[in-house]
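One structure below.
The values are calculated or read from the model by the stated rules, or taken from the named source; none is laboratory data. Please read all numbers here as calculations on a predicted model, not as lab measurements. Using ideal geometry, Cβ is built from the backbone for each residue, glycine included, and neighbour counts are taken over all protein chains shown. Please note that ligands, DNA and RNA were not included when accessible areas were found on the heavy atoms of the full protein model with its side chains. Shrake-Rupley method; radii C 1.70, N 1.55, O 1.52, S 1.80 Å.
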Amino acid sequence: MRKFTATAAGIILAGFLSSAAGAQEYLQVVSLESDNGVQGVFTSAGSAENKKDIETDAIKSLFYTLFFSGVDGVNDGKPLVGKPNPGYTNSFFNSTARYASYVLSVEDAAKPQKIGNAFQGTKRITVRLRQLVNDVKKNTGYEEMEAAVQRTLPKPTIIVVPYKKAGESFDAILQNNYDLRVAVSAVQRGFEDCDIKTIDLQARIDRIKRNAQYEENAGAADSNDKQLLESSGADVYVTVDVMKDVADNGSRISLIMKAYETASGTVWASQDGWTNRFQTDATDVLCSYAIKDNLPEFLDQIVKNYSMPVRASLQISLSGMSMNTIGEALCSDGTRVMTFIQNWLDRNANEGDYHLQGIVDEKAIFDYVMLPNQDKDGYRMTPDKFAGELRQELSDRGISSTYRLEGNVMFLILDL
């Protein structure tokens, strides 16, 4: 093993970009071999037009991956950089060569090979890991960011399912499509690594099979899977499709992910994008790179939508046996039913935000009602809960009613 010096650092290119485009300059094939609490030993792949520059690229790739993608075994696999601080992070990659004080030694882990027009090789790099972790977090506000996230962002429950065409079933896809099965599992683990509660699809299928609620035939597939999602208890379901490109110069993968609010079917987030090419065609390995690149932004979209008040509509109508009009109907205390409902919405809609589109003899339509973020117990408010609470309030005032839901539309039928 030879000693790493600042002379070797001098060949690192100036003007390193910490953007998504810059990320593609690095292979980011990095793993932790050992960590004694002070120093860490990593293997890191590098690529360059000539063999002597592989070392430079491997070192840059190691630091870039630690900073912006994360490495298993370090910081729970999460990126070290919390808040963008280009003035600090760029100094590791330009002529300042800030990283030199952390790198102790470099040696060959695998001989370089010519792949296409470039050489690729793997280096074993020893760094002052504890010092690096502490310095990066201190200079990029990691702890502050983590604390803010824990304080302010609610966390949805998610179920991950494979993308399917009409007539296909989740169960058949999991049994017969290896790549999709692996991709679903990898995305689920990615959410769990972000401390998001998930519901396992296969376990849910096995459960409803035991209860004889799931038929394995094409005609019932769509309705069975819809029932599975609606009864899963998940706030969000995420569909995953996978595209794989295997070539002589390496393999790459694209995960196409879409997130839907389970209650309404509204699309909340979408994400896809190809990884770099790697010298492996193992789906699980390729998925892990795709998740590191795409899951953080995808999860941000989901959490942002989950954190916003739900927009629903409310339609109030009379049952076929009613003798009154909606405008004439009274509660047991003599208050007009529509007056009571509007007063209740003033108190219970998010910031009293709703709009009454119109009233006719047999129907009243509120074209939107902004639901509060939480119910009285601190759980997320849903159209089902909201309509149930309104129905109970009407019952307490002598008005019998039933309700049903279609997505985010609440239908309340009054028996007057």
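Within the range 176-191, the set of residues being surrounded by fewer than 13 Cβ atoms within 10 Å (Cβ to Cβ) and either of a type outside the set (Phe, Trp, Tyr) or at pLDDT below 75 (or both) comprises just one member, ASN176.
Of all the listed residues (GLY407, GLY327), the sole one being at pLDDT below 90, of a type outside the set (S, T, N, Q) and in contact with a Ser or Thr (Cβ under 7 Å, 6 or more places away or on another chain) is GLY407.
Somewhere in the range 70-88, is a residue open to solvent by less than 40 Å² (accessible area, probe 1.4 Å), part of a helix (DSSP H, G or I), in contact with a Ser or Thr (Cβ under 9 Å, 6 or more places away or on another chain) and of a type outside the set (Gly, Ala, Ser)? The answer is yes, given that some residue of the range 70-88 is open to solvent by less than 40 Å² (accessible area, probe 1.4 Å), part of a helix (DSSP H, G or I), in contact with a Ser or Thr (Cβ under 9 Å, 6 or more places away or on another chain) and of a type outside the set (Gly, Ala, Ser). Is it fair to say THR56 is open to solvent by less than 40 Å² (accessible area, probe 1.4 Å) and assigned to a helix (DSSP H, G or I)? Answer is yes for this residue. In this structure, is THR262 closer than 30 Å to ASP384 by Cα and within 15 Å of the chain's Cα centre (by Cα)? When the stated conditions are applied, THR262 passes them. Answer yes if at least one residue in the range 386-394 is of a type in the set (Gly, Ala, Ser), in contact with a strand residue (DSSP E or B) (Cβ under 8 Å, 6 or more places away or on another chain) and surrounded by fewer than 16 Cβ atoms within 10 Å (Cβ to Cβ), and no otherwise. Checking the range 386-394: at least one residue is of a type in the set (Gly, Ala, Ser), in contact with a strand residue (DSSP E or B) (Cβ under 8 Å, 6 or more places away or on another chain) and surrounded by fewer than 16 Cβ atoms within 10 Å (Cβ to Cβ). Does the range 222-258 hold any residues that are over 21 Å from ASN177 (Cβ atoms) and not polar (S, T, N, Q), and which are they? Across the range 222-258, the qualifying residues are GLU230, GLY233, ALA234, ASP235, VAL236, ALA247, ASP248, GLY250. When each of ASP284, ASP333, ASP367 is tested for being touching a residue at least 40 places away in the same chain (Cβ under 8 Å) and within 30 Å of GLY121 (Cβ to Cβ), the lone residue that passes is ASP284.
Evaluate the following for ASN343: is it in contact with a Phe, Trp or Tyr (Cβ under 8 Å, 6 or more places away or on another chain) and either at pLDDT 90 or above or farther than 17 Å from LEU394 by Cβ (or both)? Taking the combined requirement at face value, the residue does not satisfy it. Filtered by the rule that a residue be farther than 19 Å from LEU66 by Cβ and either touching a Phe, Trp or Tyr at 6+ places or on another chain (Cβ under 8 Å) or open to solvent by less than 30 Å² (accessible area, probe 1.4 Å) (or both), the range 116-143 gives ALA118, GLY121.
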